[in-house]
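Colleague: Here you go, one structure.
The values are calculated or read from the model by the stated rules, or taken from the named source; none is laboratory data. Not measured: the values here are computed from a predicted model. Just so you know, the surface numbers come from the protein's heavy atoms only, side chains and all, with ligands and any DNA or RNA stripped out. Shrake-Rupley method; radii C 1.70, N 1.55, O 1.52, S 1.80 Å.
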Amino acid sequence: MPEMHFRVRWPDDTVTDCYSPSLVVKEHLEPGRHYPLSEFVERSATALHIGRERVREKYGFACSSAMDQLRRIEETAARFKDKSDAQVLVESFLP
């Protein structure tokens with residue numbers, strides 16, 4: 001199953017490389033696009049849950065790394081929850 005990484009820039013200009021166990025993230029996030037914080041978290045969660053289940057279907061067990069990544073995204077996003085105009089930039093998909 002092809003995994004991928006994607007790079008995001010948070011509202012404080014920190015950059016994080018994120019992991020997905022599946023290319024499904026390409027269906028939910030677009031490089032170069034800014035997302036409102038809550039929308040970014042929601043789209044990431046959807047993609048990572050789908051990726052986790054694709055791993056389960058193929059290998060018989062869910063991908064724990066996908067849920068670890070989602071937890072890190074949610075923890076980072078929580079730092080900006082009080083900033084009403086917080087946006088996350090999806091900079092790129094990484095090879």
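Colleague: Helix 64-78 sits at what angle to the longest principal axis of the chain, using alpha carbons and giving 0 to 90 degrees rounded to 10?
Modeller: 10
Colleague: Okay, next question. What lysines sit close enough to residue 26 to cross-link, taking a C-alpha to C-alpha distance under 26 Å and skipping anything fewer than 8 places away on the same chain?
Modeller: 58, 81
Colleague: Still on this structure, please answer the following. May I ask you to rank 85, 12 by accessible area, largest first, using a 1.4 Å probe over the protein chains only?
Modeller: Final ranking, largest accessible area leading: 85, 12.
Colleague: Running a GNM on the chain with Cα contacts under 10 Å, which residue among 61, 80, 40 ends up with the highest mean-square fluctuation?
Modeller: 61
Colleague: Extent of the range 41-95 along each principal axis, from alpha carbon coordinates, in Å, largest to smallest?
Modeller: Per principal axis, max minus min of the Cα coordinates gives 41, 23, 14 Å.
Colleague: In deg cm²/dmol and to the nearest 500, what is the mean residue ellipticity at 222 nm of the chain if only DSSP H runs of at least 4 residues count, each as -39500 (n - 2.57), divided by the residue total?
Modeller: -13500 deg cm²/dmol
Colleague: If N is the number of residues in the chain, what value comes out of its Cα radius of gyration divided by 2.2 N^0.38 Å?
Modeller: Cα-based Rg divided by the globular estimate yields 1.04.
Colleague: Please list 67, 4 from largest to smallest accessible area, probe radius 1.4 Å, with all protein chains kept in place.
Modeller: The ordering from most to least exposed comes out as 67, 4.
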